[in-house]
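Input: a single structure, listed below in structure tokens.
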Amino acid sequence: MSTRKVSLTLPEELLARAEKAVAAGQARSVSAYIAAAAGSGETRSTVTEVIARWRTEHGEPSATDRADAEARARALFDRADDRLRGPGAA
């Protein structure tokens, strides 16, 4: 994906969060942090649309379906966290 330099005006608190993430090694740069945040907003919209379409076609999920989905999501996030922390991280 190509990139292009732009100038943004950000609220101080958002810039502080981005800089803190960079300092903690959670983001490569402020630009990377902002790009990831913008991308996650797009993903969230897409996921919301998929869920709405599924509900239209199949109705509301049961309590069992919700519990199963939450357990699967937690397991995926746990594995992703483990990969991000790297070997030997506690």
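The values are calculated or read from the model by the stated rules, or taken from the named source; none is laboratory data. What you see is a predicted model; the values in this text were computed from it and never measured. Methodologically, a virtual Cβ is constructed for each residue, glycine included, from the backbone with ideal geometry; neighbour enumeration extends over all protein chains shown. For accessibility, only protein heavy atoms count, side chains too; no ligands or nucleic acids. Shrake-Rupley method; radii C 1.70, N 1.55, O 1.52, S 1.80 Å.
Scoring Asp82 on the criteria (1) surrounded by 11 or more Cβ atoms within 10 Å (Cβ to Cβ); (2) at pLDDT 85 or above; (3) of a type outside the set (Val, Ile, Thr) leaves a single failure, condition (2).
Can Glu19 be described as part of a helix (DSSP H, G or I) and over 22 Å from Lys5 (Cα atoms)? Outline the logic, then answer.
Details: part of a helix (DSSP H, G or I): yes; over 22 Å from Lys5 (Cα atoms): no.
Here the answer is no, as Glu19 does not meet what is asked.
For the range 32-63, residues that are open to solvent by 80 Å² or more (accessible area, probe 1.4 Å) and in contact (Cβ under 8 Å) with a residue 12 or more places away in the chain total 0.
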